[in-house]
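Note sheet for the following structure.
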2 protein chains.
Amino acid sequence: MTEMPSPDAIKVWARLMRVSRQLMERAEDALKEGSLPPLAWYDVLHELAEAGEGGLRPFQLIERTLFAQYNISRLLARLEADGLVEKLPVADDGRGQIIRVTAKGRETRRRMWAVYGRSIAELVGAKLSPDELGMVSALLGRLRHPPATD
Amino acid sequence: MTEMPSPDAIKVWARLMRVSRQLMERAEDALKEGSLPPLAWYDVLHELAEAGEGGLRPFQLIERTLFAQYNISRLLARLEADGLVEKLPVADDGRGQIIRVTAKGRETRRRMWAVYGRSIAELVGAKLSPDELGMVSALLGRLRHPPATD
DNA sequence: TCGATATCGATGCATTTGCATCTATGTAGA
DNA sequence: TCTACATAGATGCAAATGCATCGATATCGA
């Protein structure tokens, strides 16, 4: 059966899509202004930095970042070409590889964060109170699949 | 001054970006499954349908949809090639044109909405109560630039 | 053990996006 | 009016994305 959305649901959808696009664009612009790589690079470098020396398999990056498989494959190729990550063979699976962030990759991530973090502070942190931040993230968590538990 | 973001602000940012990407992707998938055009087409057809017989200038579409100028230019070319919109010369400005949705364009929009609206109902309407929907849209409105007034 | 099937990651090709710039028309100031 | 500048929209070219598929290895069931 075709249950159509309420006007309130439509409004949430519209704002979600526009606000996220607008904020993402602003953050990207700030990075460009600093001659830094795009946000997608940050996401990957961030996950790899958190993973530490053990690194991550490409498919783990796909799970964590939601990028498409071919997208990760090519993004990693670019990151490797720039010396930000290294690809290591993995002992017990001849198909796979381990991706590890290099020192240069960590440094790039750090410089990106100086700009990116400032964008987040300005675009989100400065607009809502701590209580409101908690509410938004709880409600957005409910829209996620699977729903967030915190 | 510009400080670094609080953990709560970071969490809101992260969820905003991930949830919006995830939901957008699902809505796109639903359209593809129905052999329908992508969401971007809907946005433009929707604005044009609301504008009525008077149509809209491309620069007005840019303001309303947040697409880049070159993006609108090419999107309109594709829509015209598919017979969904028509381009009319504008009397008092030789540089410009008026874009008007055709009957076929209206019909396509209608068919897209049957699928798109259902996605919104499932992905948003079904996940939050009416009160919660109101809260999210109010809070997201504060993140917009300029902030929403309602 | 072998054959079928699934998973990991890469890639050829078409489409789309991003950037810079172009053409054409409009506007404003000397 | 004539010149400089601004605005509307298109486009060439490079980069990124999406789609389908491939090659290689792993796994599972008979």
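The values are calculated or read from the model by the stated rules, or taken from the named source; none is laboratory data. Quantities reported herein were computed from a predicted structural model and do not represent experimental measurements. All Cβ positions, glycine included, derive from the backbone under ideal geometry; neighbour counts span all protein chains shown. In case anyone asks, the SASA skips ligands and DNA or RNA and just uses the protein heavy atoms, side chains included. Shrake-Rupley method; radii C 1.70, N 1.55, O 1.52, S 1.80 Å.
Binned at 10 Å from 0, what are the whole-percent values of the Cα-Cα distance distribution for the protein assembly as shown, short to long?
That works out to 6, 23, 29, 26, 14, 3, 0, 0, in percent per bin.
When the Cα centres of the stretch A:84-104 and the stretch A:49-70 are compared, how far apart do they sit, in Å?
Each part's Cα centre sits 11 Å from the other's.
Can you tell me which lysines have their Cα less than 21 Å from the Cα of B:Lys32? Leave out same-chain residues fewer than eight positions away.
B:Lys104
Given the -39500 (n - 2.57) contribution per DSSP H run of 4+ residues, what per-residue ellipticity at 222 nm results for chain B, rounded to the nearest 500 deg cm²/dmol?
So the helix-based figure for chain B works out to -20500 deg cm²/dmol.
To the nearest 10 square angstrom, what accessible area does B:Tyr70 show with a 1.4 Å probe?
In the full protein context, B:Tyr70 sits at about 140 Å².
Please give the net charge around A:Glu53, taking every other residue with its beta carbon less than 13 angstrom from that of A:Glu53, where Lys and Arg add +1 and Asp and Glu add -1.
The answer is 0.
Once you keep just the Cα pairs under 8 angstrom separated by 6 or more residues, what percentage relative contact order results for the stretch B:72-150? Show your work: numbers first, answer last.
Working: 45 pairs, mean separation 12.7, N = 79.
Relative contact order comes out at 16 percent.
For B:Lys87 paired with A:Ala68, estimate the spin-label separation in nm (one decimal), with each label point 7 Å from Cα along the Cα-to-Cβ line.
Rounded to a tenth, the inter-label distance reads 2.8 nm.
Considering only B:Glu132, B:Glu33, B:Glu122, give the residue with the highest GNM mean-square fluctuation for chain B, with springs between Cα atoms whenever their separation is below 10 Å.
B:Glu132
Select from A:Leu75, A:Leu16, A:Leu36 the residue whose mean-square fluctuation is largest in a Gaussian network model of chain A (Cα-Cα springs shorter than 10 Å).
The residue with the greatest mean-square fluctuation here is A:Leu16.
Counting only other residues whose beta carbon sits under 9 Å from that of A:Ala148, what net charge do I get with K and R as +1, D and E as -1?
After counting each charged neighbour, the total is +2.
From the phi angles alone, apply the Karplus equation (6.51, -1.76, 1.60; θ = phi - 60°) to the stretch A:104-114 and give each ³J(HN,Hα) in whole Hz, x where the residue is Gly or Pro.
So the Karplus estimates, Gly and Pro as x, are 4, x, 4, 5, 4, 4, 4, 5, 5, 5, 4 Hz.
Hey, what's the stretch B:26-140 come to in accessible area per residue, 1.4 Å probe, Å²?
In whole numbers, the stretch B:26-140 has 51 Å² accessible per residue.
Which value, in Å² and to the nearest 10, is the accessible area of A:Thr149 when all protein chains are kept and the probe is 1.4 Å?
Accessible area, nearest 10 Å²: 140 Å².
In whole angstrom, and with the biggest value first, how far do the Cα coordinates of the stretch B:26-140 range along each principal axis?
50, 32, 24
In the stretch A:20-61, which residues give up 20 Å² or more of accessible area once the other protein chains are added, compared with their chain alone (1.4 Å probe)?
Those are A:Ser20, A:Arg21, A:Gln22, A:Leu23, A:Met24, A:Arg26, which lose 20 Å² or more relative to the chain on its own.
What residues of the stretch B:125-141 lose no less than 30 Å² of accessible area with every protein chain in place versus their chain by itself (probe 1.4 Å, heavy atoms only)?
SASA drop of 30 Å² or more in the stretch B:125-141: B:Lys127, B:Leu128, B:Glu132, B:Leu133, B:Met135, B:Val136, B:Ser137, B:Leu139, B:Leu140.
What total accessible area, in Å², is buried where chains A and B meet, using a 1.4 Å probe and rounding to the nearest 100?
That pair hides around 5700 Å² of surface in total.
Among B:Arg106, B:Arg21, B:Arg57, determine the one that fluctuates most according to a GNM of chain B built with springs between C-alpha atoms less than 10 Å apart.
B:Arg21
List the residues, sorted by chain then number, that are 5 or more residues from A:Gln97 or on another chain and whose placed amide H is less than 5 Å from its amide H.
none
Give the carbon-plus-sulfur fraction of the accessible surface of the protein assembly as shown in %, rounded to a whole number; probe 1.4 Å, heavy atoms of protein chains only. Kindly include the intermediate steps, with their values, before the conclusion.
Numbers: 8150 of 15830 Å².
For the protein assembly as shown, the apolar C and S fraction of the accessible surface comes to 51 percent.
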